[in-house]
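Okay, structure first, notes after.
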Amino acid sequence: MLIRWLFVVLSIGFLLSSGCTTDEDAESGIDSDADSDGDGDADGDTDADSDYTEPSQICEAPEMWPLPDAEKVVGNGTADSCNEETLREAVSGGGLVRFDCGEEQAVITVTSEIQINQETVIDGEDSVTLDGGGSSRIFFVSSALSVRNLRFVNGNALGEEESGGAVSGGWRSRVEVVNCDFEDNIAGNAGGAVAVGTGSELTVVSSRFMHNTSRYGGAIYSLWSPLHIVNSSFVENTTAVNAGGGAIGTDGALDPDYRDDGAVGGTIEICGSIFRNNEAYGAGGAAFLWVYPPDVIIIDRCTIEGNILLKDDDGEGLAMGGGMRVSNGEIFIRNSSFISNSAQTHGGGLSLDCEPTCTITNTTIYDNEVVDGFGGAVFGDKIRMNNVTVANNFASGHGGAFFGGEDVTIQNSIIADNHAGNPWGQAYSCYATLTGDAVMQWVSDFEGAGDDVCIPDVLSEDPMLNPPADNGGSTVTMLPDAESPALQAGHDCEPFDQRGEPRDPTSCDLGAVELP
């Protein structure tokens, strides 16, 4: 951790030297009321005030592990027969574990962690809740564990150095999570719900994480390990102290020993997932994804909305990346929406440390806020953007849209009605003049682009954007009006828009979407 935070401080210094839950639903037209089973109660009722979202099958899921030949059954048809003792006995030899607990939902209380020493697949068939009682982790994995169709609640990895409140994977373990719910789990160190150690593999598919808490990575943490998350949701997870990653925290994507063997780097990939109303201190309201070159980070078809990033309890330190802080690798962000996130210091939507570069395509960045700092939408350098819509973001200092050095290229994009709160009216949109072409910039306050043009030959016209809404595809988008001057004003666009609709790259609309 100390090494990682040293890198954080150095990255901040480099960016600066190079110049570089709000309730918006009614105004934006975003429907965030799709609630489902998320209150932590065994009966599955949902609190009326919970903003829970069921993930959709947006991205192709990886193939699940094959089922082992050996099979054991927990229980003999009654609820009483499904208990900690029978579960512990069933998993002791590995293999496939199922349940026969009667017709009612079964709750098994775990009073001390259950060791997984051989490859095991546990399938709850949507009828079993494993409850740590607020005093115990549920599983510790020293080999391989796949959990499917289970609910994990109240797991607790006691101690400041413990990780994985519900499921903890040790050194070079493998963990697969499929269609599971994790609620109200806690870890003293990292990964309130699930964590894996060095050289492991963690795959999460079609699962839901709510109200989990730790110091780093409120729901999930991975150390020097590849991470693959598909079609999952993260709602109201938190970090308790100044570390970061309200829902997810990572530290590297590949075992250092593998790097010595000439491996080309590991991958952190998050696809088709929702991050809503998570909260962190320090870095990354929804996620703090930190890797080491030549690791790669991919964020695809995700919604990052209403996440909050604060300074520490004393109001000190930096708070960078209200939506996400994504750092220290080659980074690809595409087909995603960053909506109404807030950072105390820099990067209301995104804070990026690109090594060597970051690429953002077909992405909407709307209504993000920096309370006391720079870069309302994006804070960072070495960024390449194509077909991006950046609108209505705010920074109290400079750069309502972007704050960073000159090594930023933006093309075929819309930068509209971003604002800065400094008393001189400077850098409403961009702190520095960037490179690129086919960029439309507009600030209604000025009836034009303003003095801080983002590229030298900016198109100074009102793009006539509609508010974010469900316009098809997997994320909310902002359609231009049928009379918008942004239509057919671009060239060399992405072949598909944010919704997956085809474009003619040679003659195309500016921004993240192509008007039908």
With Cα extents along the principal axes in Å in mind, check (i) 80, 59, 37; (ii) 97, 65, 51; (iii) 73, 44, 43 and report the label derived from this structure.
-> (iii)
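Which value, in Å², gives the accessible area per residue of region 229-339 when a 1.4 Å probe is used on the protein heavy atoms? Spell out each step's value before the answer.
Numbers: 2670 Å² over 111 residues.
So region 229-339 comes to 24 Å² accessible per residue, rounded to a whole number.
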Rounded to the nearest 500, what is the chain's calculated 222 nm mean residue ellipticity when only DSSP H runs of at least 4 contribute -39500 (n - 2.57) each, over all residues?
-> -1500 deg cm²/dmol
In the chain, what % of DSSP beta bridges are antiparallel (nearest 5)?
-> 5
So if we plug the beta-carbon distance of Ser142 and Asp100 into 1/(1 + (r/R0)^6) with R0 = 25 Å, what FRET efficiency do we get, rounded to 0.05?
-> 0.35
When ranked by the protection proxy of mean other Cβ atoms within 10 Å per residue, highest first, what sequence do the peptides 397-408, 474-485 form?
-> 397-408, 474-485
Sequence ranges 155-167, 63-75, 120-132, ranked by mean other-Cβ count within 10 angstrom, highest first | 155-167, 120-132, 63-75
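Quick one: which of 410-417, 194-201, 101-108 comes out on top by average Cβ neighbours within 10 Å, and what's the full order, highest first?
Details: 410-417: 27.1, 194-201: 24.5, 101-108: 17.2.
The most tightly packed comes first, giving 410-417, 194-201, 101-108.
The values are calculated or read from the model by the stated rules, or taken from the named source; none is laboratory data. Just so it is clear, the model here is predicted, and its values are computed rather than measured. Neighbour counts run over all protein chains shown; Cβ positions are idealised from the backbone, glycine included. Please note that ligands, DNA and RNA were not included when accessible areas were found on the heavy atoms of the full protein model with its side chains. Shrake-Rupley method; radii C 1.70, N 1.55, O 1.52, S 1.80 Å.
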